[in-house]
Amino acid sequence: MANTITSVILVLLFCGSAVGSRTKLISVKGQDGMSALAPVPNDGICASMVETKGYVCEEHKVTTQDGYILSMQRIPAGRSGKTAGKRPPVLLQHGLLMDGITWLLLPPDQSLAFLLADNGFDVWLANTRGSKYSRGHTSLSPNEQAYWDWSWDELVAYDLPATFQYVHDKAGQKLHYVGHSLGTLIALAAFSKHQLLNVLRSTALLCPIAYMGQIASPLAKNAADNFLAEALYWLGIDEFSPRGAAVIKLLKDICNKPGVDCTNLLTSFTGQNCCLKSSIVDVFLDHEPQSTSTKNMIHLAQMIREGSIAMYDYNDEVENIKHYGQPTPPVYNMTSIPNDLPFFLSYGGADALADVKDVKLLLDNLKDHDGDKLVIQYRDDYAHADYVMGQNAKQVVYDPLMAFFRLQ
């Protein structure tokens, strides 16, 4: 059965992109007054995932400098509804092939977003461009190639600054940041260029990714080594959409069979998670995975093959010079991250995506960091999904994380 699930995952990844369904589009006004192409969602994250649990929730839109209209959700108070004083804002940034629902998959007394709200924080959820609720643009449609012409470089240059500034302006104070997986990579890249620091109070990085050259995930490694993302790009598939309806139904049917532990579905990607309930995979499949750009997948594959953290490589000196003014892509220098930036870093011994050896490379780069500004937590039994779906994540990770935020 494990082999069957692994085979289906491969179908999900590399065929789902070609058959993913398109969302109906309408024209609306963007923040700059221009006509925007935005999806008509059947529901919003507030209505479907937050208000149903008894929390107040606000839907927000922010437009990036390059025209992408991003959805954000705000949980301004805990379930009690009381807002005692001015709450410190926390921005939660999800990882690859996910969206803001990442932080809402567990029950309210275990999900980080709800726990933060119940513990006095002003909680904001980000949704990266291309995901279900962030498919708007001031001039482009997701059906156009140009809409998908970005990698995580653009998340560093445009998405993060837009969401950081928006939260800062609305809350009127500096913010805490929590990133998971890709959400840590884009933050580290931004901090290495001394971006966002003027509005940042502290940061918590779960499954920190900077280097990927020693990635242990067999699926990710094989996909990179065999240039599978590049093959999709050459076939004209610009949207990497692993959410084909037929594939999701098939996975759900497999998961509902007696005796099948569907947490194995994630193991091929994430490593052996210690602490997931099998039932959470069904919740996961109701909402995830989400689309990203094929170009973004190529960029990550380049990192796996090269073992470095650099901007997107066009594999053409002329193109690189055109974009960067030099024949090779510029490197994000992790040693440039300010030594006094308050960091909470948590990583797991069983994580196949943020591999321990790669995390140690990052920590080597941070060896001169101020001792009282860097908290490192290591969980030998934790893998990639435990950090957002583990039934004991509250006690193991989230409680220490909130204690760290309160000290900053």
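The values are calculated or read from the model by the stated rules, or taken from the named source; none is laboratory data. Keep in mind that what you see is a predicted model, and the values were worked out from it rather than measured. Cβ: placed from backbone, ideal geometry, glycine included. Neighbour counts: every protein chain shown. Surface accessibility is based on the protein's heavy atoms, side chains included, excluding ligands, DNA and RNA. Shrake-Rupley method; radii C 1.70, N 1.55, O 1.52, S 1.80 Å.
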| query | With the other protein chains left in place, how much accessible area per residue, in square angstrom, belongs to region 273-335 at a 1.4 angstrom probe? | reply | 43
| field | Gain upon complete extension [Arg406, Thr328; 0.36 nm per residue less C-alpha separation] | value | 23.8 nm
| said: Can you give me the % of accessible surface on region 276-354 that is carbon or sulfur? Probe 1.4 Å, all protein chains present, nothing else counted. | reply: 49
| field | Per residue accessible area in Å² of region 97-209, where ligands, DNA and RNA are left out and the probe is 1.4 Å | value | 23
| query | Taking amide H positions as placed 1.01 Å from N in the peptide plane, with prolines and chain starts having none, which residues 5 or more places from Glu239, or on another chain, fall under 5 Å of its amide H? | reply | Thr294
| task | Tally up the carbon and sulfur contribution to the accessible surface of region 148-195 as a whole percent, 1.4 Å probe, everything protein left in place. | result | 44
| task | Take the Cβ-Cβ distance between Asp368 and Thr52 as r, set R0 to 60 Å, and report the resulting FRET efficiency rounded to the nearest 0.05. | result | 0.80
| field | Neighbour cut-off at most 12 other Cβ (10 Å), DSSP loop, trypsin sites (Lys or Arg not before Pro), region 353-408 | value | Lys367
| remark: Of the listed links Lys221/Lys277; Lys132/Lys295; Lys221/Lys357; Lys277/Lys360; Lys174/Lys367; Lys221/Lys360, those spanning more than 21 angstrom between alpha carbons are Lys221/Lys277; Lys277/Lys360; Lys174/Lys367
| For a label point 7 angstrom out from the Cα of Lys357 toward its Cβ, which stretches of region 218-233 have the backbone nitrogen within less than 19 Å? | 218-226
